[in-house]
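> Pasting in a structure now, in structure tokens, and then I'll have a few things to ask.
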Amino acid sequence: MRTRYQLSKKAEREANTIVGLHEKGRFDSVSFRTIPEETWLKSTQDFMHFESRKSTLKEILDALSNRNFNMIGVYGMGGIGKTTLVEEVGRQAKENNLFEKFISSRVSQTRQIKNIQGEIAEKIGLELAEQSHETVRAGRLLERLKKEKKILI
């Protein structure tokens, strides 16, 4: 059986160890998880430069350069190259330094709002509570997006 003296000496040693570990655990800075860059911004393989696409691409890039526009929609039948066109717009907008951050999310006819919100939030480093209502999530997402200087979604 240990004496009180032995237990107090052991407690003192452990306390000193804890103090030492606490001192070692002080950091000058904290890093945050990096947000990976969109992979589609790296390749232009899928984009074919048809004359009709060139003019549409130019119109979209001109509209993005114009400060009077804050939203541009691309729509049409499935399979005609909307996603590929938007990816090329993102690549060229990045090359031309029109935006600081780019986020892409595919929206289908049976859109899942929470999934889209979650995808965008993840790409800007925001955690959204899964069980919160869509409007609450939208509000938090909007507030976070307002903090970005120039973002293309």
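> Hey, any hits in the range 32-39 for a residue that's surrounded by 10 or more Cβ atoms within 10 Å (Cβ to Cβ), at pLDDT 65 or above and within 23 Å of Lys146 (Cα to Cα)?
Within the range 32-39, one or more residues are surrounded by 10 or more Cβ atoms within 10 Å (Cβ to Cβ), at pLDDT 65 or above and within 23 Å of Lys146 (Cα to Cα).
> Next question, about the same structure. If you check Gly125 against the conditions, is it outside any loop (DSSP other than H, G, I, E, B) and surrounded by 10 or more Cβ atoms within 10 Å (Cβ to Cβ)?
no
> Continuing with this model, one more query. Cβ-Cβ under 7 Å, sequence separation 6+ or interchain: first residue in the range 55-80 and assigned to a helix (DSSP H, G or I), partner among the aromatic types (Phe, Trp, Tyr). Which pairs?
Once the first residue is assigned to a helix (DSSP H, G or I) and sits in the range 55-80, its partners that are among the aromatic types (Phe, Trp, Tyr) give Ala63/Phe69.
> Output the residue which, of all residues in the range 133-142 that are free of Cβ contacts under 8 Å to residues at least 12 places away in the same chain and farther than 15 Å from Gln112 by Cβ, is least open to solvent (accessible area, probe 1.4 Å).
Across the range 133-142, the extreme among qualifying residues is Gly139.
> Tell me, yes or no, whether the range 87-99 has at least one residue that is at pLDDT below 80 and either part of a helix (DSSP H, G or I) or open to solvent by 100 Å² or more (accessible area, probe 1.4 Å) (or both).
Among the residues of the range 87-99, not one is at pLDDT below 80 and either part of a helix (DSSP H, G or I) or open to solvent by 100 Å² or more (accessible area, probe 1.4 Å) (or both), which makes the answer no.
> So which residues in the range 52-69 are small (Gly, Ala, Ser), more than 26 Å from the chain's Cα centre (by Cα) and either farther than 13 Å from Gly81 by Cβ or modelled with pLDDT of 85 or more (or both)?
Scanning the range 52-69 gives a single hit, Ser55.
> Please work out which residue is most open to solvent (accessible area, probe 1.4 Å), limiting yourself to the range 100-113 and to residues that are of a type in the set (Ser, Thr, Tyr) and without any contact (Cβ under 8 Å) to a residue 40 or more places away in the chain.
Thr110
The values are calculated or read from the model by the stated rules, or taken from the named source; none is laboratory data. Predicted, not measured: the structure shown is a model, and the values here were computed from it. As a convention, Cβ positions derive from the backbone with ideal geometry for all residues, glycine included, and neighbour counts pool all protein chains shown. The accessibility values were calculated without ligands, DNA or RNA, using every heavy atom of the protein model including side chains. Shrake-Rupley method; radii C 1.70, N 1.55, O 1.52, S 1.80 Å.
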